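One structure below.
Please treat every number below as a calculation from the coordinates, not as lab data. As the structure is a computational prediction, the values presented were derived from the model and not from experiment. When we count neighbours, we look across all protein chains shown, and the Cβ atoms used for this are built from the backbone with ideal geometry, even at glycine.
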Amino acid sequence: MKELLLFLSCVLCVSADVLHEDIGIGGCSDSDGEDMYGLDGEELAYADFNKQKYIYPLPPFMDPFTYREGTYDTAVANQQVCKNNLKIRRDAMKDIPLEHDAPSAVMIYTRDEVEFGEKNTLICHVTGFYPAPVNVSWTKNEQKITGSSINVPYPNKDGTFTQISRLQFTPQQGDIYSCAVQHLALTKPETRLYDVKASGQSDPGVGP
């Protein structure tokens, strides 16, 4: 079953010695919703409507921060507004065909330098697709695994989107991981492999 998704974004550019882009995204469908803030192409925080709180997916070397109290409640209220607007736009756009662009790049790599037996995060970076979203699934040694997460679709300057899926894992010699990306414009999933060969390997993986 196809779903219509509504995304609203606001980009604020601050002029100083260095130019920064601060972005806020709100999105919804009939069954799900997104509320995210980012800075300079990086996801800073997003609302997890299942856990009913804001999540801050920054790496450990970044300075921790939180938004003011009530930010999650505001995100919940915005979801109701979004779903009301979605119904209006669905009626207005029901006869307009959508263009489909397949992902222009898919990469798999680790967040931190690899050390055997030490917990790490695998990242599947997908960009250049339209419309959003993509679906990302993971395997370990050709067996499907669960427990991954994926961020809200992040708009690129050319009108396409980027999404990042993360999988917590513990590197062990010889293990092979894969992320498979599904999108409306793909006739079959696009897959990338990560082979845990040697300590310290963290280069972006290339798929078949």
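Details
- Cross-link table Lys53/Lys83; Lys51/Lys188; Lys157/Lys188, entries beyond 29 Å C-alpha to C-alpha: Lys51/Lys188
- Sum of side-chain charges, Ala102 neighbourhood, beta-carbon under 12 Å (Lys, Arg +1; Asp, Glu -1): -2
- Selection of trypsin sites (Lys or Arg not before Pro), segment 53-89, meeting DSSP coil and at most 15 other Cβ within 10 Å: Arg68
- Quarter the surface of the alpha carbon convex hull of segment 59-174 and you get the mean projected area, 10.9 square nanometres.
- FRET efficiency, 1/(1 + (r/R0)^6) with R0 25 Å, evaluated for Gln80 and His100 via beta carbons: 0.25
- Here segment 116-203 is described by how far its Cα atoms reach on the three principal axes: 40, 25, 21 Å, from widest to narrowest.
- For Asp175, the residues whose amide H sits under 5 Å from its own are Val196, ignoring neighbours fewer than 5 places away on the same chain, with H placed 1.01 Å from N.
- In nm, spacing of pseudo-spin labels at Glu142 and Lys53 (7 Å Cα→C-beta vector): 4.0
- Separation in nanometres of the label points that stand 7 Å from Cα toward Cβ, at Arg89 and Asp32: 1.6
- Under 14 Å, Cβ to Cβ, from Ala77 - net charge with Lys/Arg +1 and Asp/Glu -1: -1
- Note on Thr121 and Glu69: the extension gain reaches 15.8 nm, defined as 0.36 nm multiplied by sequence separation minus the Cα-Cα distance.
- Counted by Cβ distance under 11 Å from Gly27, the other residues give a net charge of -2, where Lys and Arg count +1 and Asp and Glu count -1.
- Contact order normalised by residue count of segment 6-93, Cα under 8 Å, 6+ apart, percent: 21
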